[in-house]
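Step one of this worksheet: look at the structure below.
The values are calculated or read from the model by the stated rules, or taken from the named source; none is laboratory data. Since this is a predicted model, take the numbers as computed values, not measurements. Because the Cβ atoms are built from the backbone with ideal geometry, glycine has one as well, and the counts that use them run over all protein chains shown.
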Amino acid sequence: MAMTKRSFGVFVTCLTQWWAPTVVRISGDSSVAGQLHTTKDGKVELLFPERLVMVANHQLYSDWLYLWWVAYVNHTKSHGHVYIILKESLKYIPMIGWGMRFFSFIFLSRKLAIDEPRLSYRLGKLNKANYGPFAGGKGLDPMWLLLFPEGTNASQDGRDKSASWAKKIGVKDMENTLLPRSSGSFFCLNELKDTVDYLYDCTVVYEGVKHGEFGQDNHTLRTMYLLGQPPPSVNMFWRRFALSDIPLDDKDKFDEWLRNRWSEKDALINKYIATGRFPPMVPNEKNEKIIAQKEEKSFLETEVKVDNYWDFLYVIIPIMIFLGIIDLLKILWSTGLILNLARGISL
């Protein structure tokens with residue numbers, strides 16, 4: 001499974017590099033100081049752990065592609081261990097939905113009675129010690145679990161539902177994001193708190209999306225990958241929270257905690273819309289290249305692309321194996337061996 005995910009991670013990175021080339025700008029606050037840097041040869045590398053839970057606001061259907069690329073440029077090469085929690089309707093999409101199920105993604109129906117047993121089972125497997133060749137620290141497999149607490153990407157319909165929900169529970173709605181739902185995140189973090197130390201939060205903004213606009217109205221998978229019209233840049237602001245500092249023993253307090261983090265996201269996005277940049281990256285002593293001397297040097301900038309051409313083998317080899325199996329089946333069929341084998345089994 002990990003090898004197949006690695007191949008897919010490299011494939012979507014190649015796809016973006018060739019068909020939807022995109023500039024990515026990365027910065028973060030003091031909680032990730034020293035974890036965002038450039039290598040000696042100028043490549044962006046993140047120093048995130050091999051096991052983490054990641055949350056992000058949801059702007060486009062392509063958000064997960066860029067976050068999967070983040071796993072690819074992590075120093076542990078985590079793109080073979082990405083798990084995403086998605087709404088259940090997506091698993092019924094032909095081909096794409098089948099692939100999601102094959103990759104062991106987790107689907108939620110938004111009905112607690114159905115979702116809790118499902119989540120408990122799947123997260124229990126991710127918590128299980130594994131002493132095989134791909135096991136990470138503590139005998140646990142590496143894991144990057146991605147959640148979108150908003151439940152769907154920002155749209156006018158989502159905006160209306162968010163406002164209605166905010167009114168119902170008596171809180172202020174967001175401006176640039178949707179009000180997050182906390183039940184799934186609360187359950188996941190409680191299930192994983194003994195095997196995961198940190199929650200990583202990514203605020204994602206696409207250049208050119210203004211107040212009152214929705215990124216999905218301008219940038220769809222079709223316009224990006226078929227028409228070659230990607231967003232001018234993808235901008236990410238990272239923060240890290242220790243699970244031990246999150247109120248996981250009280251659902252109401254966690255509700256408030258998550259809404260406060262989303263309010264901060266809203267403020268970050270307002271700053272980006274006003275200035276064209278997120279706050280500058282916090283200086284760190286480990287890599288002089290990213291110490292902020294000027295505003296324009298206060299972030300990492302790169303493109304979505306593969307690190308080296310050897311990574312293309314992750315795409316080419318599975319295709320060659322698949323084609324080889326097809327050719328073998330054709331030969332067996334043409335020579336009648338498959339029919340003879342079937343007769344032998346039936347006897």
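Kindly establish whether residue 161 is under 22 Å from residue 27 (Cα atoms) and among the charged types (D, E, K, R). Spelling it out, it is not the case that residue 161 is under 22 Å from residue 27 (Cα atoms) and among the charged types (D, E, K, R). Considering region 110-126, and only residues there that are surrounded by fewer than 16 Cβ atoms within 10 Å (Cβ to Cβ) and in contact with a strand residue (DSSP E or B) (Cβ under 9 Å, 6 or more places away or on another chain), the residue that is modelled with the lowest pLDDT turns out to be 110. Of the residues making up region 153-187, those that are within 22 Å of residue 253 (Cβ to Cβ) and assigned to a loop (DSSP other than H, G, I, E, B) are 170, 171, 172, 173, 174, 177, 178, 179, 180, 181, 182.
Looking at 230, 247, just one residue is more than 20 Å from residue 71 (Cβ to Cβ) and either in the same structural domain as residue 145 (by TED's automatic domain parsing) or in a helix (DSSP H, G or I) (or both), and that residue is 247. Scanning region 19-32 for residues that are buried (at least 17 other Cβ atoms within 10 Å of the Cβ) and over 15 Å from residue 236 (Cβ atoms) returns a single hit, 20. Looking across region 193-204, the residues that are under 13 Å from residue 242 (Cβ atoms) and in contact (Cβ under 8 Å) with a residue 60 or more places away in the chain come down to 196, 197, 198, 199, 200, 201. Looking at the structure I just gave you, is residue 158 free of Cβ contacts under 8 Å to residues at least 60 places away in the same chain and either crowded, with 18+ Cβ neighbours inside 10 Å or not assigned by TED's automatic domain parsing to the domain that holds residue 230 (or both)? Yes.
If the condition is being touching a residue at least 60 places away in the same chain (Cβ under 8 Å), under 17 Å from the mean Cα position of the chain (by Cα) and in a loop (DSSP other than H, G, I, E, B), then region 24-49 contributes 48, 49. Exactly one residue among 182, 164, 263 is under 23 Å from residue 115 (Cα atoms) and of a type in the set (Gly, Ala, Ser), and that residue is 182. Scanning region 172-182 for residues that are β-branched (Val, Ile, Thr), in contact with an Asp or Glu (Cβ under 8 Å, 6 or more places away or on another chain) and surrounded by 20 or more Cβ atoms within 10 Å (Cβ to Cβ) turns up at least one hit. Just for region 171-227: of the residues that are of a type in the set (S, T, N, Q) and farther than 30 Å from residue 129 by Cβ, which one is nearest to the chain's Cα centre (by Cα)? It comes out as 203. For region 1-46, the tally of residues that are out of contact with any strand residue (DSSP E or B) (no Cβ under 7 Å at 6 or more places or on another chain) and aliphatic (A, V, I, L, M) stands at 8.
Only one entry of 32, 12 meets the criterion of being under 13 Å from residue 71 (Cβ atoms) and out of contact with any Gly (no Cβ under 6 Å at 6 or more places or on another chain), and that entry is 12. For residues in region 35-61 being of a type outside the set (Val, Ile, Thr) and loosely packed, with under 15 Cβ neighbours inside 10 Å, which is nearest to residue 191 (Cα to Cα)? Once the filter is applied, the top-ranked residue is 47.
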